[in-house]
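What follows is a short report on a single structure.
The values are calculated or read from the model by the stated rules, or taken from the named source; none is laboratory data. It should be emphasised that the depicted structure is a prediction, and the values quoted were computed from it without experimental measurement. Methodologically, a virtual Cβ is constructed for each residue, glycine included, from the backbone with ideal geometry; neighbour enumeration extends over all protein chains shown. We work out accessible area using only protein heavy atoms, side chains counted, and drop any ligands, DNA or RNA first. Shrake-Rupley method; radii C 1.70, N 1.55, O 1.52, S 1.80 Å.
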Protein chains: 6
Amino acid sequence: MPYVNIKVTREGVTAKQKAELIGGVTDLLVRVLDKSPATTFVVIDEVALEDWGIGGVPVEQYRREAEDRLRHIGQLVEPITED
Amino acid sequence: MPYVNIKVTREGVTAKQKAELIGGVTDLLVRVLDKSPATTFVVIDEVALEDWGIGGVPVEQYRREAEDRLRHIGQLVEPITED
Amino acid sequence: MPYVNIKVTREGVTAKQKAELIGGVTDLLVRVLDKSPATTFVVIDEVALEDWGIGGVPVEQYRREAEDRLRHIGQLVEPITED
Amino acid sequence: MPYVNIKVTREGVTAKQKAELIGGVTDLLVRVLDKSPATTFVVIDEVALEDWGIGGVPVEQYRREAEDRLRHIGQLVEPITED
Amino acid sequence: MPYVNIKVTREGVTAKQKAELIGGVTDLLVRVLDKSPATTFVVIDEVALEDWGIGGVPVEQYRREAEDRLRHIGQLVEPITED
Amino acid sequence: MPYVNIKVTREGVTAKQKAELIGGVTDLLVRVLDKSPATTFVVIDEVALEDWGIGGVPVEQYRREAEDRLRHIGQLVEPITED
């Protein structure tokens, strides 16, 4: 009788996608551990972007900074790799 | 100092009912484990129906299917039990 | 950056099965929501049988009672279905 | 289909007490919200004393300090209340 | 790769304060346990006042009653401490 | 009255480090949100390495693979950066 809690950022997850998550994770527990779907609960939490932190900052700031780092690495690599 | 988290589907639970849950579960912990109410936290989460899965499907679909199964069993049993 | 918590009863789940759960649920989040595996956490909790309740009783008692009910239904149905 | 998680400090809770918690909280959800016991999960977590903090310190230190404060208040009140 | 969940009552916590919580708790895990910020998740939940119980009652009722007790203690102490 | 749950991998966290986490996160909630320490709970969970997944694999495998990737990048960069 498993209980699964899935937390994702709130960014337009549809009811159809939620149903796919519920079905997929239940199938997984049936396949791997032979659990009964009838006693498998799945609870999905959508978390507002300002409520989710990673790298010590809220997730939106984290993504902006990650993009900046990627761009910077690209600029460092470019002079080396171009002919 | 217990911490209790109660998750239920969001279906019109009133503030009065929440207060009853909070009081009831705190009394239970006092009675069974002699805990102090002053350091007993209860947090209630109401979960949207589309965010709760059971039987591999969202809860509303699960309930519809369960009703169908009950009706089907009724139809199977009826010819046997009627005079 | 999803976070998934899977709670199952402690009944000899192997490290290999846990790795399958971790891989399967991460694949699911990639496929359904296009999430990055690098920022997908999965935490598995094994819960002792005496710590898991369903139907108002600990899970072992629940299973015994469910078997008894099934056997009883079988005995009720048998005289009807036999020739 | 409620899910209830009860966290208490690990201090010799017996299997019988756990069964009382499971039964009591399930009865409460039946009585207050008319929930079905068959789809009510209760999961109990016992937390080691060093893993539980309150008042900014681990719970054992918190209890010692609370006793000291009570004793000190007693000493302050005694000269006032004695004949 | 720590995961931290912070639950507070919903009482006007700003995005700036949330960012401070995320930064502060991540710094703490770096300092005390040498964890990597890149794999440290922080999820903040704001809980409605009617969904949080303490002392066996919802938090607003608890605060009113605590103020009443303090006022009553003040009235008891006053005749003793005044000249 | 905040409730904080800190999950870290079980890798020899000492009671002293746990006390530092409890103190640090309580101080943070006092400083940022003016919360009372007396009603601030902190619960620490140590999670076995095989129970924690990231990148679709258990954490130990993830770390080995991350080291391999770093070594490989080092080998790619070396011929470019050496004189």
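Observations on the model:
- For segment B:43-48, 3J(HN,Hα) per residue [Karplus equation, 6.51 cos²θ - 1.76 cosθ + 1.60, θ = phi - 60°, Hz, x = Gly/Pro]: 10, 9, 10, 8, 10, 4
- Using a 7 Å projection from Cα along Cα-to-Cβ, the label point at B:Gly12 is separated from the same position in the remaining copies by 3.4, 3.4, 4.8, 4.9, 5.9 nm, smallest value first.
- Of all residues in chain D, the one whose Cβ lies closest to the rotation axis carrying D onto C, together with that distance in whole Å, is D:Asp45, 5.
- Rounded to 5, the percent of DSSP beta bridges in the protein assembly as shown classed as antiparallel: 50
- For segment C:8-13, 3J(HN,Hα) computed residue by residue from phi via the Karplus equation (6.51, -1.76, 1.60; θ = phi - 60°) reads 9, 5, 7, 9, x, 5 Hz, glycine and proline entered as x.
- For chain D, share of DSSP beta bridges that run antiparallel, in % to the nearest 5: 20
- Pairing chain E with chain A buries about 1100 Å² of accessible area. This figure sums both sides and uses a 1.4 Å probe.
- Set A:Lys16/C:Lys35; A:Lys16/B:Lys7; A:Lys35/E:Lys35; A:Lys7/B:Lys16; B:Lys35/E:Lys7; A:Lys7/E:Lys35 screened for pairs whose C-alpha atoms are more than 26 Å apart: A:Lys35/E:Lys35; A:Lys7/B:Lys16
- For segment E:1-47: relative contact order, % (alpha-carbon pairs under 8 angstrom, 6 or more apart): 69
- Shape box of the protein assembly as shown [Cα atoms, principal axes, largest first, Å]: 98, 88, 37
- Apportionment of accessible area to carbon and sulfur, chain F, percent (1.4 Å): 52
- Calculated label separations, B:Pro79, copies of the chain, 7 Å along the beta-carbon direction, nm: 2.1, 8.0, 8.7, 8.7, 9.5
- Heavy atoms of the protein chains alone define the surface here; on that basis chain F has 51 Å² accessible area per residue at 1.4 Å probe size.
- Inter-copy label distances at B:Glu60, using a point 7 Å along Cα-to-Cβ, come to 3.0, 3.0, 4.1, 4.6, 5.2 nm with the shortest given first.
- Heavy-atom accessible area, probed at 1.4 angstrom with all protein chains present, ranks F:Arg63, E:Arg31, E:Arg69 as E:Arg31, E:Arg69, F:Arg63, highest first.
- Inter-part distance where segment D:6-83 and segment B:19-40 are each reduced to a Cα centre, Å: 8
- Whole-Hz couplings from phi, Karplus 6.51/-1.76/1.60, listed for segment C:23-32; x for Gly and Pro: x, x, 6, 5, 4, 4, 6, 5, 5, 7
- A:Gly24 sits among other residues whose Cβ lies under 10 Å from its own Cβ, and their net charge, with Lys and Arg +1 and Asp and Glu -1, is -2.
- Share of Cα-Cα pairs in chain A lying beyond 14 Å, as whole percent: 73
- Taking amide H atoms as placed 1.01 Å from N in the peptide plane, the amide H of E:Ala48 lies under 5 Å from those of E:Arg10, each 5 or more residues away in sequence or on another chain.
- Our helix-only sum for chain C, with -39,500 (n - 2.57) per DSSP H run of n ≥ 4 divided by its residues, gives a mean residue ellipticity at 222 nm of -17500 deg cm²/dmol.
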